[in-house]
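Report on the following structure.
Nothing in this text is a laboratory measurement; each read-out follows from the coordinates by a stated rule. Because the structure is predicted, anything quoted here is derived from the model rather than measured. For neighbour counting, all protein chains shown are included, and Cβ atoms are generated from backbone atoms with ideal geometry for every residue, glycine included.
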Amino acid sequence: MAVTDMLQIVPGALDTVNTSELLPYLEAYISKEPVEQIIIGEPFQTDGRPSENLQRVRQFENVWRKKHPEIPIEGVDERFTSVLAHQTMIDSGLHKKARQNKALVDKISATIILQEYLNRKR
């Protein structure tokens, strides 16, 4: 999972973290930085049905809410973000080998998810 940070109104990726390390990573991050809200990608299939991973994301959201009720968490549909990330990489002129870097795709996808959230809030 990629973690992002919103600097003023410009979203940017921080890091890519294994799902098993996400909670400790976020807890360490919020101990050092002020965080108003967590935005998390929610995986759906292209037809809008929940993907098999959505249940795990929702479980994480529930754990977060119990441990950190002071920091709200909100899900954003992440459908097509990998496709958009790959297109962004192509448009940026990255070579095929760089476009195969899953961590980079995840970072760009996370930034797209955060931007989508910000666009919705306008």
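By DSSP, the beta bridges lying fully in the chain are antiparallel in about 60 percent of cases.
When the P(r) of the chain is calculated, the portion above 25 Å amounts to 23% of the C-alpha pairs. In sequence order, region 85-96 has phi-based couplings of 5, 4, 5, 4, 5, 5, 4, 7, x, 5, 6, 3 Hz under the Karplus curve 6.51 cos²θ - 1.76 cosθ + 1.60, θ = phi - 60°, and Gly or Pro positions carry x. Taking amide H atoms as placed 1.01 Å from N in the peptide plane, the amide H of I40 lies under 5 Å from those of E74, G75, V76, each 5 or more residues away in sequence or on another chain. Calculation over all alpha carbon pairs of region 41-110 in 5 angstrom steps from 0 returns a P(r) of 3, 15, 20, 18, 16, 14, 8, 4, 1 percent. Sorting 55-61, 43-49, 15-21 by average packing, meaning the other beta carbons within 10 Å per residue, from highest down gives 55-61, 15-21, 43-49.
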